[in-house]
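The values are calculated or read from the model by the stated rules, or taken from the named source; none is laboratory data. Predicted model only: the values in this text are computed from it and were never measured. No Cβ is skipped: glycine too gets one built from the backbone with ideal geometry, and neighbour counts run over all protein chains shown.
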Ligand code: UD1
């Protein structure tokens, strides 16, 4: 069986990594069994190809994640880079079609909801390798999530990808219901858990070796590596949604909602490239007294004496960010994945959006949907700071999602091979 897995943007890497690890483990088991069985035909291993579209290309947005997550280097790079949605999607469509025609995989796996996801899904659903219309099985990992807000590009990507996929791997129960409500055949829906949480559970302990707390002056100063030293009280902030950062008034209102929190403790703000651009464009560094410069190693010491304020940093790598989430008093974010990661870690989260496509993080987890006005953000922060944790881990967020996905892929692909062979033998009879 030949599988292509597609990654493109930062949130894809941690979702794909466990699937690639599961394939590696499967191949090792096959090789071991093959070495032991000399007289029987051995089970074929999986031929895996990792395609990186290049939607995210920076060292900080892409390369560092490959290193942290032990991902193999991409076998194929499309190198599409940034552009409008139409240009970026079109470049991926062209590049990925050539890859499929050359590689002719049995399965294509797309993850999440970014432009790379929908573009590669569309190519796979419409390709044809022969006159019989043979094409790969299309598997969508993280299917069924819905914010019911079509103004979000990710919602459009999710809906379109789900409706053309052959296998839909769902992370939470709401996903099953959403897909059924949209008329998707129940036989294609598989509730497997969350591969992003698989990664989190694998790397949670390793994140402790990150030096980010020391670099930001969030540990008591000490010799050595500072381990075992008390960690200061701090909050973590991420904002990157165009609807939050592209409009100056909205961005200002959100930052105003954080004023009281910033007086109480430092807020570490690793800023996405889009957000960094807007901060400069809107002159927010001066206006909002974000007086910490973008973190450079030599600047980090300056924050040691800080009692509060917003500490602006470059985007952090996976292990650094995981370490920051684990020890934060509170996380304020507009990201999708961080709502899930904080739920799993039991860290209070305030989501600066009007909706979430991940309701389980509110119903069973640690998340509050605050909206984007300063009053509601401030009130949600106050509520969350006084929170006594009452969350429970959502069903199947147990580190086994990737294994479940691989089991389904192998079974369905085998069934498809058998049914094709029977068609061939009938037509030859
Ligand atoms: C994309 C995803 C979003 C995801 C986010 C995580 C879509 C529609 N959106 O949004 O769902 O939450 O990634 O980061 O796919 N840039 C760089 N370096 C990079 C990548 C981007 O500087 O490596 C800058 C470019 O100026 C670019 C801007 O960031 O124009 C936006 O990048 P883009 O990939 O278009 O969308 P994101 O906002 O990152």
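Some notes on this structure:
- Unique residue being under 15 Å from residue 19 (Cβ atoms), more than 9 Å from the ligand (Cβ to nearest atom) and crowded, with 20+ Cβ neighbours inside 10 Å when the list is 105, 74: 105
- Pairs linking a residue in region 48-62 that is without any contact (Cβ under 8 Å) to a residue 60 or more places away in the chain to a residue that is near the ligand (Cβ under 9 Å from one of its atoms) and in a loop (DSSP other than H, G, I, E, B), with Cβ atoms under 7 Å and 6 or more positions apart or on different chains, are 52/8; 54/81; 56/8; 56/9; 57/81; 62/56.
- Per-region count, region 243-290, residues in contact (Cβ under 8 Å) with a residue 40 or more places away in the chain and part of a helix (DSSP H, G or I): 15
- When region 382-406 is filtered for residues that are assigned to a loop (DSSP other than H, G, I, E, B) and more than 30 Å from residue 259 (Cα to Cα), the ones remaining, listed by number, are 392, 393, 394, 395, 396, 397, 398, 399, 400.
- Some residue of region 341-362 being free of Cβ contacts under 8 Å to residues at least 60 places away in the same chain and surrounded by fewer than 23 Cβ atoms within 10 Å (Cβ to Cβ): yes
Residue-wise test of (1) away from the ligand (no atom under 13 Å from the Cβ); (2) more than 21 Å from residue 214 (Cβ to Cβ); (3) touching a strand residue (DSSP E or B) at 6+ places or on another chain (Cβ under 7 Å); (4) modelled with pLDDT under 90.
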| site | (1), (2), (3), (4) |
| --- | --- |
| 267 | yes, no, yes, no |
| 276 | no, yes, no, no |
| 304 | yes, no, no, yes |
| 343 | yes, yes, yes, no |
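- Which numbered condition residue 326 misses (of (1) crowded, with 18+ Cβ neighbours inside 10 Å; (2) within 16 Å of the ligand (Cβ to nearest atom); (3) more than 22 Å from residue 371 (Cα to Cα); (4) modelled with pLDDT of 95 or more): (2)
- Members of region 154-187 found to be under 18 Å from residue 355 (Cβ atoms) and touching a helix residue (DSSP H, G or I) at 6+ places or on another chain (Cβ under 6 Å), listed by number: 157, 172
- Any hit, region 30-49, residues being within 16 Å of the ligand (Cβ to nearest atom), outside any helix (DSSP H, G or I) and at pLDDT 95 or above: no
- Taking the criterion of being within 21 Å of residue 172 (Cβ to Cβ) and either more than 10 Å from the ligand (Cβ to nearest atom) or assigned to a loop (DSSP other than H, G, I, E, B) (or both), the residues of region 113-137 that qualify are 113, 114, 121.
- For residue 236, the conditions (1) within 25 Å of residue 375 (Cβ to Cβ); (2) at pLDDT 95 or above; (3) part of a helix (DSSP H, G or I) are fulfilled apart from (3).
- Being surrounded by 16 or more Cβ atoms within 10 Å (Cβ to Cβ) and under 22 Å from the mean Cα position of the chain (by Cα) is a property that does not hold for residue 372.
- Residues satisfying the stated conditions in region 77-102, i.e. assigned to a helix (DSSP H, G or I) and either in contact with a strand residue (DSSP E or B) (Cβ under 8 Å, 6 or more places away or on another chain) or more than 16 Å from the ligand (Cβ to nearest atom) (or both): 94, 96, 97, 98, 99, 100, 101, 102
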